[in-house]
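What follows is a set of notes on a single structure, which appears directly below.
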Amino acid sequence: MTRIVSMTVNGEECELAAPDFRTLLDVLRNEGGLTGTKKGCDVGDCGACTVIMDGKPVNACLVLAVEAEGADIQTIEGLQHAPDRPHLLQEKFMEHGGAQCGFCTPGIVMMAKALLDENPEPSEDEIRFALAGNICRCTGYTKIIEAVQGAAEDMKKARAI
Ligand code: FES
Ligand code: FES
């Protein structure tokens with residue numbers, strides 16, 4: 001059975017058609033046109049599909065779309081402040097070379113966003129632990145960790161002003 005699921009996506013209320021068995025990932029990509037969230041494994045192993053749901057990071061491939069009824073969803077498309085104004089995390093990934101093919105990057109950035117929202121001054125171990133479920137096959141993790149550390153440092157400086 002196909003239902004109409006109401007949710008807020010990137011600050012906008014929307015209604016998306018979702019068969020009972022369809023995942024949030026598929027509905028966001030296919031019905032919502034939000035293809036920034038990537039489908040890597042589709043079984044919860046890679047983290048490429050990470051979005052923030054009601055303030056918590058989730059693997060969108062493990063959430064049925066109907067479970068998102070009434071939820072507040074943030075995807076990578078909602079992160080930048082304007083088309084020409086990326087989020088600090090996105091800037092830091094570019095600055096540190098933390099993204100190459102970019103397939104894993106949206107999920108990693110969203111996981112990092114969720115981490116910094118909850119813990120603005122994470123240690124390196126805490127960053128590594130938070131990103132443990134996000135697999136990147138290209139860059140290795142050093143530059144990714146540096147990018148998240150750089151964003152955390154800049155946010156700390158901004159708070160001190
Ligand atoms: S696509 Fe969801 S964890 Fe891999
Ligand atoms: S940059 Fe992450 S898989 Fe290539």
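The values are calculated or read from the model by the stated rules, or taken from the named source; none is laboratory data. Bear in mind that the values here come from a model prediction, so they are computed numbers and not experimental data. Please note: Cβ atoms are built from the backbone with ideal geometry, for glycine as well, and neighbour counts cover all protein chains shown. Please note that ligands, DNA and RNA were not included when accessible areas were found on the heavy atoms of the full protein model with its side chains. Shrake-Rupley method; radii C 1.70, N 1.55, O 1.52, S 1.80 Å.
For residues that are more than 16 Å from the chain's Cα centre (by Cα) and of a type outside the set (A, V, I, L, M, F, W, C), scanning just segment 24-44, find the one that is nearest to ligand 2 (Cβ to nearest atom).
ASN30
Working only within segment 36-71, note down all residues that are closer than 13 Å to PRO106 by Cα and part of a helix (DSSP H, G or I).
The one that is closer than 13 Å to PRO106 by Cα and part of a helix (DSSP H, G or I): ALA60.
Here's a check for you: in segment 72-110, which residue that is buried (at least 19 other Cβ atoms within 10 Å of the Cβ) and part of a loop (DSSP other than H, G, I, E, B) is nearest to ligand 2 (Cβ to nearest atom)?
So, considering only residues that are buried (at least 19 other Cβ atoms within 10 Å of the Cβ) and part of a loop (DSSP other than H, G, I, E, B), the one nearest to ligand 2 (Cβ to nearest atom) is CYS104.
Quick one: CYS41 ticks every box in (1) more than 26 Å from GLU118 (Cα to Cα); (2) open to solvent by 50 Å² or more (accessible area, probe 1.4 Å); (3) near ligand 1 (Cβ under 9 Å from one of its atoms) bar one, so which box is it?
Of the numbered conditions (1) more than 26 Å from GLU118 (Cα to Cα); (2) open to solvent by 50 Å² or more (accessible area, probe 1.4 Å); (3) near ligand 1 (Cβ under 9 Å from one of its atoms), the odd one out for CYS41 is (2).
State the number of residues belonging to segment 5-30 that are open to solvent by 40 Å² or more (accessible area, probe 1.4 Å), without any contact (Cβ under 8 Å) to a residue 40 or more places away in the chain and over 12 Å from ALA68 (Cβ atoms).
4
Which of the residues that make up segment 120-161 are among the aliphatic types (A, V, I, L, M) and surrounded by 14 or more Cβ atoms within 10 Å (Cβ to Cβ)?
ILE127, ALA130, LEU131, ILE135, ILE144, ILE145, ALA147, VAL148, ALA151, ALA152, MET155
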